[in-house]
1. State the percentage of accessible surface on the range 148-265 attributable to carbon and sulfur atoms; use a 1.4 Å probe and exclude ligands, DNA and RNA.
2. Which value, in debye to the nearest 20, gives the size of the charge dipole of the range 76-207 about its Cα centre, when Lys and Arg are +1 and Asp and Glu are -1 at the Cβ?
3. For the range 130-265, what does the accessible surface come to per residue with a 1.4 Å probe? Please give it in Å².
4. Determine the dipole magnitude for the chain: charges of +1 sit on the beta-carbon of Lys and Arg, -1 on that of Asp and Glu, nothing else is charged, the reference point is the Cα centre, and the result goes in debye to the nearest 20.
5. In deg cm²/dmol, rounded to 500, what helix-only [θ] at 222 nm does the chain give when every DSSP H run of at least 4 residues adds -39500 (n - 2.57) and the total is split over its residues?
6. Which entries of LYS66/LYS148; LYS185/LYS224; LYS67/LYS224 have Cα-Cα distances beyond 27 Å here?
7. Taking each full run of DSSP H in the chain as one helix, which ones are at least 18 Å long along their axis (Cα atoms) and have mean Kyte-Doolittle hydropathy of at least -1.0?
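The values are calculated or read from the model by the stated rules, or taken from the named source; none is laboratory data. All of these numbers come straight from a predicted model, not from anything done at the bench. Here the Cβ positions follow ideal geometry from the backbone for every residue, glycine too, while neighbour counts run over all protein chains shown. With ligands, DNA and RNA removed, areas are computed over all heavy atoms of the protein, side chains included. Shrake-Rupley method; radii C 1.70, N 1.55, O 1.52, S 1.80 Å.
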Amino acid sequence: MNCNSFLGRTVTALTFVLFATLSAPAQPDSTIYISVDCMKSTSPDYLQVEQEIAQPIHQELVDQGKKLSWVLYGVEFGSRAECDYYTVNRYLGADALDRPYDSLQVVFEKVHPQADMGDAMARTMASRERVWTHLYATVGGIPPESFKYAHVNRMDAEDGQAYVNQEMSMFKPVHQALVDEGITKGWLVGALVSPSGSALGYNFVTVDFSDYPGPIPFGDYVAKVHPDADMQDIWNQTDGTRDFVLHETWRLVARTGPPAMMKDE
């Protein structure tokens with residue numbers, strides 16, 4: 001891939017993320033950013049550490065409005081060689097990404113008043129290796145209220161605009177029908193912000209949220225929602241806008257709840 005081609009695919013992948021901010025700089029950044037950490041467990045203690053030590057900290061940060069949510073997933077179907085767990089944090093606006101854990105000691109002392117932070121951090125570090133972190137920006141989707149599994153699809157698109165246009169015009173109604181009929185619980189399209197480059201092999205991700213680990217009858221619902229369309233034409237257009245790189249199924253292990261102020265309402 002030459003330099004001009006790579007630059008073009010990078011720019012188009014982020015056009016949808018940045019356009020509103022660039023065209024209206026006076027408006028607050030309403031982009032939802034998603035930070036995904038690949039975790040390799042190194043101790044049987046790992047899940048207990050995440051749920052007993054980390055989850056209350058993340059819940060407090062949600063309560064303070066410093067992040068939107070935290071989720072811990074385990075790989076159900078997919079390779080565990082590099083990551084056997086993933087943690088996913090959601091933030092509102094780019095400013096929220098800047099040093100989100102500056103108040104960590106204060107938060108730790110609030111949620112774990114009887115514990116020693118140094119001991120807790122040492123136990124955490126001994127339980128897993130954080131292999132990499134990827135940052136996405138949400139392009140669109142149908143937010144889930146509850147779910148048990150995330151079906152994660154990595155996509156590579158040369159023309160990000162054409163790819164996203166097809167997802168929103170052709171396939172969003174299909175996903176809405178799947179949600180409306182209780183087959184799935186939600187759907188997400190995200191553009192990879194960082195890292196980037198052809199070495200990664202993909203620049204978008206889609207996620208289908210469901211209560212079941214098995215396959216989703218997506219093709220059946222494409223035909224149901226678009227009964228007058230030529231199915232072969234749809235699949236040809238789809239293949240022309242992106243390369244389907246990898247599918248994995250992740251199982252929900254733990255997640256934060258809504259902010260405390262919402263729980264009291």
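1. Roughly 52 percent, rounded to a whole number.
2. 200
3. Ligands and nucleic acids excluded, the result is 49 Å² per residue.
4. Values: 20 positive and 35 negative charges, 67 e Å.
So the dipole magnitude of the chain works out to roughly 320 debye.
5. Here the helix-only value at 222 nm equals -10000 deg cm²/dmol.
6. Numbers: LYS66/LYS148 25 Å; LYS185/LYS224 18 Å; LYS67/LYS224 38 Å.
LYS67/LYS224, as the Cα separations exceed 27 Å there.
7. Answer set is 3-23.
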